[in-house]
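Read through the structure below, which is laid out as structure tokens, and then see the notes.
The values are calculated or read from the model by the stated rules, or taken from the named source; none is laboratory data. Here the structure is a predicted model, which means the values were calculated and not measured. We place every Cβ from the backbone using ideal geometry, glycine too, and count neighbours over all the protein chains shown.
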Amino acid sequence: MTYQIPPPVAHFVGRRREQALAATAVAEREREGERERDGESRPLLFALSALGGTGKTELAFRLARTLRPRHPDGVLYVDLDDLRRGGVVEVGDALGDLLGSLGVEPDWLKPSFKARCKQYWTKTEGASLVIVVDNARYAAEVVPLLPTSGDSVVIATSHGPLYDLENGAAVDLALPPLDPPDAMELLRSVAGDARLDAEPEAADRLIRLCCGLPAALHVAGRWIRKHRRGPLPRLIDELTAELHGKGIPMVEVLWDAAYRGLGPEAALLYRMLPSIPGTSFTPESATAVLGRGRDAADRALEELETAGLLDTRDVSDTGDDRKRLPELLRAHAKRRADDSTGEERAEWRLRMVRWLLRQAQRADLYAAGTRMTFADVVEPIPGAPDVPFEDGEGTATDAVARKERAFRWLETERHALYDCVDLAYARGYDTEAAAFGEPLWTHYLDHPHYTDGIEAFRTALAAAQRAGHIPLIVRLRCQLARPLWKQGKFTEAERELTQALTASRSLGESDQFRKLGASVVEFHGMLRSARGDWAGAAADFEASREVHRAIGNEYGVMLQTYRLGEALAELGELERAAELLEEARTAAGRLGRVRLAARTGFALGGVLHRLGRGSAAHELYVAALDSARERGADHDEARILDALAALAEEEGRATEARGHREGARVIRARNGLV
């Protein structure tokens with residue numbers, strides 16, 4: 001069972017009323033189930049709303065843990081703020097994350113929002129799930145994430161009521177600040193200090209300073225633990241005097257006090273943390289922005305955690321010791337960044353951008369291998385060690401492990417990388433903003449987040465245009481065209497590729513630039529294929545192949561031969577298609593391209609099947625099936641099983657055909673498709 005909720009916090013008090021209301025709603029729903037609700041399929045929805053720092057996310061986690069035994073199919077978590085760019089959430093990406101948590105492979109994710117909704121409905125039908133949707137702003141962000149099963153529960157958190165939810169569609173749980181007794185209990189639990197009982201008036205004043213916010217009470221408790229000596233009233237007097245002197249919100253005083261108690265490196269890192277893109281960060285990211293080595297960063301992070309200025313519970317499943325600066329503390333840290341000069345803040349941002357770009361370029365190299373790139377490689381950043389993708393002795397097994405780690409890093413850090421493109425472009429770091437387009441292309445091919453891809457490639461393209469980097473302009477126009485046509489925006493994609501073709505002709509006649517031009521023609525052929533213009537596609541692939549042949553690029557020749565063979569098969573030129581696909585299959589094997597060898601073999605099998613050479617087709621299908629299973633490529637496996645079933649039916653092997661079709665059906669059902 002997938003379980004994505006972190007362990008409980010050490011100290012949790014109060015919220016008995018809200019937990020009782022939730023328990024009553026669950027019990028009522030179960031009684032309705034016993035009476036067989038008249039086809040009711042709507043999940044139970046709890047809407048937790050509260051100010052930041054009130055503890056709504058922790059209460060959501062607590063409810064999810066309580067409900068876990070009743071819901072055997074999984075407890076899932078999605079933070080919409082992780083997916084929010086420019087204040088807007090692409091809900092299709094949230095659906096993609098949830099479908100991935102439910103076992104749907106990236107190859108099976110549908111490109112459009114409507115198709116993903118249907119896939120999600122199919123995948124969650126009859127399931128018994130608990131889903132926590134954190135940091136929603138509007139009901140329109142929550143409704144598409146509701147599973148179809150009435151046996152499921154959704155817990156949505158937001159800063160205010162989700163007024164646009166259908167009336168009566170949710171159990172509203174509005175969280176007020178903790179009342180004084182609960183606030184005192186939490187403060188005692190965190191502080192563990194006898195002075196709170198010995199000096200109750202001072203303790204009451206501190207409670208009032210915290211405004212009943214658990215986030216503030218945790219910081220106050222840790223602050224008391226740090227200042228063990230001296231009478232509590234005097235310490236509170238200092239805070240109160242500062243409060244009246246500055247006229248700032250009361251909770252701010254507590255955070256300022258905790259901040260002033262930090263050592264120089266921890267205070268500096270605290271001011272720097274908001275400059276790290278994304279909503280969470282790793283120790284490597286903190287090391288990079290601090291720029292003083294891993295030991296210094298670890299000490300600073302430990303000090304921030306001790307002071308209560310950091311959330312170190314990792315709510316992701318990435319396993320990379322990810323940390324988070326809670327929303328209110330992030331805003332406070334941004335204000336404290338004013339303690340540094342504008343030049344210092346600019347230096348932090350640029351170092352962070354360049355470090356992330358370097359790691360993305362390294363991940364790109366390990367994930368995709370050596371390929372055509374045009375951006376300059378970023379050199380090592382002083383005081384900022386690289387992410388450890390490499391290990392071992394350079395064996396084939398080590399290479400596979402590096403590749404997997406690199407792909408995983410790109411996916412885990414995708415929000416930071418996408419944000420970094422915007423940050424770099426806004427700050428005028430055009431070389432860096434454009435360069436991000438290359439590693440993000442490798443990530444897009446493996447995990448196609450269409451909206452993010454379109455925005456990132458468009459911004460990187462604008463940066464390349466400002467920098468006057470023509471090869472990158474050409475490459476980025478091609479990259480932008482693909483997600484555009486995948487989203488059905490064929491006219492826009494055509495416009496980008498037309499401009500890419502024009503720009504490519506202004507480049508020189510070096511082999512690299514000719515290869516880039518051939519790539520543009522290939523993209524144009526792929527666009528024509530997507531539009532069903534197979535004759536035009538064949539002409540493009542033929543032209544691209546000739547350029548690759550002229551410059552001696554064997555891989556390019558092989559790939560275009562494969563594409564040309566598929567296009568001719570669509571045009572009905574089967575004998576010629578079979579010759580080309582056999583040529584491509586042989587070349588792919590010679591080049592060690594296992595996946596392409598299997599795919600070209602499968603395509604060749606399809607042509608031979610149409611030519612009536614069933615025995616040869618069956619042999620190729622079986623080889624492709626073995627390869628797909630060995631690679632865990634169940635998308636390829638389902639297509640091959642379909643082809644084997646069709647061949648078996650034609651040859652009168654009905655039982656075999658049914659077995660193949662059932663195997664394909666099981667794979668599709670597992671991925672939310674019928």
Only one of these is modelled with pLDDT under 90, closer than 28 Å to L301 by Cβ and either of a type in the set (F, W, Y) or touching a helix residue (DSSP H, G or I) at 6+ places or on another chain (Cβ under 8 Å) (or both): P385, P380, P326. Name it. P326
Got at least one residue in segment 193-203 being under 20 Å from H159 (Cα atoms), in a helix (DSSP H, G or I), outside the structural domain of R62 (by TED's automatic domain parsing) and touching a helix residue (DSSP H, G or I) at 6+ places or on another chain (Cβ under 8 Å)? no
Scanning segment 220-236 residue by residue, the ones that are more than 10 Å from V190 (Cβ to Cβ) and either of a type in the set (V, I, T) or without any contact (Cβ under 8 Å) to a residue 60 or more places away in the chain (or both) total 10
Test result for V607, surrounded by fewer than 23 Cβ atoms within 10 Å (Cβ to Cβ) and either outside any helix (DSSP H, G or I) or hydrophobic (A, V, I, L, M, F, W, C) (or both): no
Test of understanding: among L239, L262, which residue is surrounded by 13 or more Cβ atoms within 10 Å (Cβ to Cβ) and at pLDDT below 85? L239
For segment 419-440, the count of residues that are surrounded by fewer than 24 Cβ atoms within 10 Å (Cβ to Cβ), in contact (Cβ under 8 Å) with a residue 40 or more places away in the chain and of a type in the set (F, W, Y) equals 1
